[in-house]
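Data first, discussion second: the structure below is written as structure tokens.
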Amino acid sequence: MFERFMPAEEKVDPNAALRASLVPGLGLVRVGLGGEAVIVMLLVGFSLLGGVAIMIAGEPLGILLVVVGASLWAVASRDAYVVATAGREDAWLKPRSLTIAAIVVMLVTAAALLRALPGGRGS
């Protein structure tokens, strides 16, 4: 999937890419990393919204999801700036790291949901 979205041919202003990153993943779109941007948008949205919902349900593992989502958003913003400045090879978010982030989000979500079930905390 990632090979379909090649970096932009035109030079993008690094500051414009950073400003676009106020929306998760949009900075990556600006620098031509559309595949990574879609995954970042989904993971950040799921992590932040899911983490808050899980915290409201009384499960502290939701905090971990919020931290993962916010960290992924920050790294995506950094990557948008770096790719606009130096090129794709200096980006941290690659297919492998995004796959690992997705697995972490799924595992933490599953653990939090299991713990939130009646009797899930050992009671």
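Within the stretch 77-101, the residues that satisfy the criterion of being surrounded by fewer than 16 Cβ atoms within 10 Å (Cβ to Cβ) and of a type in the set (G, A, S) are A86, G87, S97. The set of residues in the stretch 56-73 that are surrounded by 17 or more Cβ atoms within 10 Å (Cβ to Cβ) and in a helix (DSSP H, G or I) comprises G62, L64, L65, V66, V68, G69, L72, W73. Each residue in the stretch 1-21 was checked for being of a type outside the set (A, V, I, L, M) and either modelled with pLDDT of 90 or more or part of a helix (DSSP H, G or I) (or both), and 8 of them qualify.
Cβ separations smaller than 6 Å between residues 6+ apart or across chains give the following pairs from the stretch 22-50 residues that are on the phi < 0 side of the Ramachandran plot and modelled with pLDDT of 95 or more to residues that are part of a helix (DSSP H, G or I) and of a type in the set (F, W, Y): P24/W73; V44/W73. Considering (1) in contact (Cβ under 8 Å) with a residue 40 or more places away in the chain; (2) in contact with a Leu (Cβ under 8 Å, 6 or more places away or on another chain); (3) assigned to a helix (DSSP H, G or I), the lone condition that L93 does not fulfil carries the number (3). For V105, the conditions (1) more than 22 Å from L18 (Cα to Cα); (2) outside any loop (DSSP other than H, G, I, E, B); (3) without any contact (Cβ under 8 Å) to a residue 60 or more places away in the chain all hold with the exception of (3).
The values are calculated or read from the model by the stated rules, or taken from the named source; none is laboratory data. Predicted, not measured: the structure shown is a model, and the values here were computed from it. Every residue, glycine as well, gets a Cβ built from its backbone with ideal geometry; the counts of neighbours run over all protein chains shown.
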